[in-house]
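Participant: Can you read through this structure? Questions will come right after.
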Amino acid sequence: MTADTRPRVLVVDDDEKLLEALTRALQAMGYAVEGHPTPRAGLARARKWAPDAAIVDLKMPGMDGIELAAALQGDAPDLPVIVLTGFGTIRSAVEAMRRGVYDYLTKPFDLDEVELTLKRALEHRDLRRQNRAMSEALGGEGNPREIVGDSAVIRAMVRRVQAVAGTDSTVLVTGETGTGKELVARSIHRSGPRKDEPFVTVDCAALHDTLLESELFGHSRGAFTGAYKERAGYFEVASRGTVFLDEVGELDPGLQKKLLRVLEERTFSRIGETRVRRTRARVVAATNRDLEAEVAASRFREDLFYRLKVIAIPVPPLRARREDIPLLVRHHLPRLTRRLNRRTRSVSPDALETLQRYPWPGNVRELVNVLEHALTFHDAEVLGREHLPDAVVSRVQVQGVPGITYPELKARVLDDASREYLVALLRHHRGNVSRVAEHAGLDRRHVHRLLRRLGLDPSGYRSP
Ligand SMILES: Nc1ncnc2c1ncn2[C@@H]1O[C@H](COP(=O)(O)OP(=O)(O)OP(=O)(O)O)[C@@H](O)[C@H]1O
Ligand SMILES: [Mg+2]
């Protein structure tokens, strides 16, 4: 056992001189490095050594760098791979990036550039890891991309997803954290004609200003400190696919303006360039912020807001569709048991009842996490209430003693009653919000806010 915490970098290049030089340079930068002269040796070693990043030559006998990248990522999906190319045109670089390569370096490269690119790749990987840790079910087997649910609100939402999938319209997916916004965005992509094109995710909250701008739109060589070479942004990489702007509410004002231009004119420029480029990518954005309130507080451009929300898909909170909880459990349990190597085959009725009563502030993600937590600490054939985390059990009524506070109870009763009431009005007025508002004696904005909060989508009630 060693206590070596240095990031591990695998280098594969058939040019042994270069391999040795690069290996030594990277070691001097503080990395743990292993160099291998053939793709096969590199791949075999990676399986045991689990590197944090890989730098591979593009042109090698047997297997090229892009194939090697794919093979490495087959074992370790988060592994960032940087390709070395001696004849790097931007076209082959974009192609490589589209096929999952993180970045490329053109030979001869300078060591500062290597260091910077590698640092960025490792940061990128950490982010992806964090995201993955949070969004559980990317596990792999089964169909992790399926939108599970049989409640009326989910069925209406899925109908809406199918309806917009075939169009090019910009879509705004809204909803609380963990409700499945990303799932919805992917489903829009997958169900439409763009499904064989790239789906690229940009987390607008994770990166800042220049870096985010260059990720989105690319930059020319020397456009800013550290821009050693030109780089294509996601709008180019996505080609005719989908750009998913996650947490779009976090964009700063400058980028909001540039995004507006993309949505209105379909054009953009790389940082440092005046050349106007065209994009054919579709934009799907998501936010868990109340963008209307952000607009009111002058933090979000009103024109961009209206442009984004032409088609809005609200994703209902889990507590608005408790009847889906057993289905979600059935869907996620087998994949978790396989991954954690557990024998659990079912969940006891009292555990299910507890899960159905819990308010789920973190929505489906929290549900998946709770299951993972239970399975991590218990390996029972039947998962019982006693296996659920205390925090969950104690908030739910236990043997006739309510586990919630009075304000929570009030809010819950009011929510349930309001939902029932609004659904009845929506049905009666066939989704016409003005009529619903009139009927309810509220103004329209108020009704819209209520509908959003309760996860109700008026368009699901329009006449067929
Ligand atoms: N309807 C659903 N059916 C099956 N799984 C779901 C559903 N909704 C959400 N999930 C699961 O819940 C987790 C969170 O989903 P997702 O990442 O799409 O949420 P999100 O709304 O983007 O969250 P955040 O706002 O935190 O980014 C994922 O593991 C996803 O697979
Ligand atoms: Mg998300």
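Every number here is computed from the coordinates shown, using simple stated rules; none is lab data. Given the structure is predicted, the values throughout are model-derived calculations rather than measurements. Positions of Cβ are backbone-derived with ideal geometry, glycine not excepted, and every protein chain shown enters the neighbour counts.
Participant: Over segment 353-464, calculate the relative contact order: mean separation of alpha carbon pairs under 8 Å at least 6 apart, over the residue count, as a percent.
Facilitator: 18
Participant: With n ≥ 4 as the cut-off for DSSP H runs, can you work out [θ] at 222 nm for the chain, using -39500 (n - 2.57) per run divided by the number of residues, rounded to the nearest 500?
Facilitator: So the helix-based figure for the chain works out to -14500 deg cm²/dmol.
Participant: A further question on this structure: Would you mind classifying the chain by shape? Square roots of the alpha carbon gyration tensor eigenvalues, ordered a ≥ b ≥ c; an a/c under 1.5 is rounded, otherwise it is prolate if a/b is larger than b/c and oblate if not.
Facilitator: oblate
Participant: With r as the distance between the Cβ atoms of Glu323 and Phe377 and R0 = 30 Å, compute the FRET efficiency 1/(1 + (r/R0)^6) and round to 0.05.
Facilitator: E between Phe377 and Glu323, to the nearest 0.05, is 0.60.
Participant: Something else about it: Within the set Lys195/Lys257; Lys181/Lys257; Lys17/Lys107, which residue pairs have Cα atoms separated by over 18 Å?
Facilitator: Among Lys195/Lys257; Lys181/Lys257; Lys17/Lys107, the Cα-Cα distance tops 18 Å for Lys195/Lys257; Lys181/Lys257.
Participant: Quick one: compute the contact order of the chain, relative version, from alpha carbon pairs under 8 angstrom and 6+ residues apart, as a percent.
Facilitator: Normalised by residue count, the contact order of the chain is 12 percent.
Participant: If I take every Cα pair under 8 Å that is 6 or more residues apart in segment 316-408, average their sequence separation and divide by the length, what percent do I get for the relative contact order?
Facilitator: 31
Participant: Count the DSSP beta bridges whose two residues both fall in the chain, then state the antiparallel fraction as a percent rounded to the nearest 5.
Facilitator: Of the beta bridges lying entirely in the chain, close to 10 percent run antiparallel.
Participant: At 0.36 nm per residue, minus the direct Cα-Cα distance, what do Arg289 and Asp443 gain on full extension? Give it in nm, one decimal, please.
Facilitator: Extra length available between Arg289 and Asp443 comes to 53.3 nm.
Participant: Which longest uninterrupted range of the chain lacks any GluC sites (Glu not before Pro) assigned by DSSP to a loop state (not H, G, I, E or B) and surrounded by at most 12 other Cβ atoms within 10 Å?
Facilitator: Here the longest run is 147-380.
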